[in-house]
Amino acid sequence: MTTDFSWTETLSCPAAHDAIRGDADGGVRLYDLLRPLIFRMAPETAHHVTLALLRLGGAVAPARWLLQNAFRPAQAGLPVQAFGLTFPNPVGLAAGYDKDGLGWRGLATLGFGHIEVGTVTPRPQAGNPGPRVFRLVDDRAVINRMGFPNRGAAFMARRLGGKRPDGLILGVNIGKNLTTSLADAGEDYLSLVKTFAPLADYLAINVSSPNTPGLRTLQTRSALEALLRPLDAERQVQAERLGRRVPLVVKLAPDLTSDELDGALDAILAAHIDGVITSNTTLSRKGLTSPLAGESGGMSGAPARQRNTQIVRDVVRHTGGRLPVIASGGIMGPSDAQEKLDAGATLVQLYTGLIYKGPGLVREIVEAWGR
């Protein structure tokens, strides 16, 4: 309780309010002061504490106002048209941060144009045993082997009901349960499309996590096309029922060879999928110096930037720009985000950058594009 009270007191202090906002030149921020304290916590504990505060901020009007005042960009940003949707700005939150839809309303106060919750599975599951998240501070990276821990589709669906923040685009990232065989994976994804099409603006099909055994084999051309065609058919059924089309996008791995990537993209185009997210966490450890680099799991953060940007270029090249790309990988500041857009991405997503730079990163990027 002391931590929550101190946080509220700090937000109410004008001097701290200025420190939170900083300035366009990257001035002193409250997060710079808090980060050493946050980094003393185990990574997963720190995440749960932060998400709990954001959940509170989204639920309580005074806290919501303070967060919006402190973090929302002074300039609205440039709207983006993609998948038949209008995004208020190109900056989104990647899946994995809010796995159960607990804090997305509070996260919306930070200025995101879209938020992707999940990954959600049909049934609750605990994920892999801990410790399962590791900060590689010198590398500005994170390794995780979470394994889709979540409370299941029914819980998430309840969390997504009710009023939504004005203008926010909400995506739901869907995956199969660990105990579901690869042969039956399609049934898991199909049930999730049925559940979340009425609640989401778009759905992201996750076949690329390195932490669910065998999942990435669904990215082969034949397996992916067999998975996606029934989902596209169900999406059409839902469109008739809802009176709107719910876009489907596929989240790919960064570790595919050129031929594997081309095959996956051909399957995505053949199944009339609306776009791709590039990319999930990587198994590569190239360039890492931390002694924790040997931990198993997927790596994200600054070392993933260059490879991710190349994948964006490869997708645009192979598809002739027909598939909008959401770039997620190694975005630690405005120049990294601009690099993705220059490579051909339509939207970008943040995650690890928020851990190292703090919630003001969203505002930094949006305001940089507005200048």
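The values are calculated or read from the model by the stated rules, or taken from the named source; none is laboratory data. None of these values were measured; they are calculated from a predicted model. Cβ atoms come from the backbone with ideal geometry, glycine included; neighbour counts cover every protein chain shown.
I'd like to verify a number: residues in the range 239-257 that are in contact with a helix residue (DSSP H, G or I) (Cβ under 7 Å, 6 or more places away or on another chain) and part of a helix (DSSP H, G or I), how many? Lay out the reasoning, then the answer.
Here is the first cut: in the range 239-257, the ones in contact with a helix residue (DSSP H, G or I) (Cβ under 7 Å, 6 or more places away or on another chain) are 245-246, 248, 250, 252-254, 256.
Filter once more, keeping what is part of a helix (DSSP H, G or I): none.
Residues meeting the conditions: 0.
Do the conditions hold for residue 128, that is, is it modelled with pLDDT of 90 or more, in a loop (DSSP other than H, G, I, E, B) and surrounded by 23 or more Cβ atoms within 10 Å (Cβ to Cβ)? Spelling it out, it is not the case that residue 128 is modelled with pLDDT of 90 or more, in a loop (DSSP other than H, G, I, E, B) and surrounded by 23 or more Cβ atoms within 10 Å (Cβ to Cβ).
Residue under question is residue 159, and the condition is that it be farther than 22 Å from residue 252 by Cβ and not in a helix (DSSP H, G or I); does it hold? It is false that residue 159 is farther than 22 Å from residue 252 by Cβ and not in a helix (DSSP H, G or I). Of the helices (runs of 4 or more DSSP H) contained entirely in the range 1-99, those carrying at least 2 residues that are of a type in the set (D, E, K, R), closer than 24 Å to residue 369 by Cβ and at pLDDT below 85 fall at 14-21. Scanning the range 111-152 for residues that are among the basic types (Lys, Arg) and over 20 Å from residue 173 (Cα atoms) gives 132, 135, 140. Residues in the range 175-196 that are within 21 Å of residue 280 (Cα to Cα), in contact (Cβ under 8 Å) with a residue 60 or more places away in the chain and either buried (at least 22 other Cβ atoms within 10 Å of the Cβ) or not charged (D, E, K, R) (or both): 192 alone.
Yes or no, residue by residue, for (1) more than 17 Å from residue 349 (Cβ to Cβ); (2) surrounded by 18 or more Cβ atoms within 10 Å (Cβ to Cβ):
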residue: 73; (1), (2): no, yes
residue: 76; (1), (2): yes, no
residue: 91; (1), (2): no, yes
residue: 106; (1), (2): yes, yes
residue: 124; (1), (2): yes, no
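Taken as a whole, the range 197-215 holds at least one residue that is part of a helix (DSSP H, G or I) and surrounded by fewer than 24 Cβ atoms within 10 Å (Cβ to Cβ).
Report the residue count in the range 331-360 for those that are of a type outside the set (A, V, I, L, M) and either in contact (Cβ under 8 Å) with a residue 40 or more places away in the chain or within 22 Å of residue 170 (Cβ to Cβ) (or both).
From the range 331-360, those of a type outside the set (A, V, I, L, M) are 333-336, 338-340, 342, 344, 346, 349, 351-353, 356-360; that's our starting set.
Within this subset, residues satisfying the condition of being either in contact (Cβ under 8 Å) with a residue 40 or more places away in the chain or within 22 Å of residue 170 (Cβ to Cβ) (or both) are 340, 346, 349, 351-353, 356-360.
Adding up the residues that qualify gives 11.
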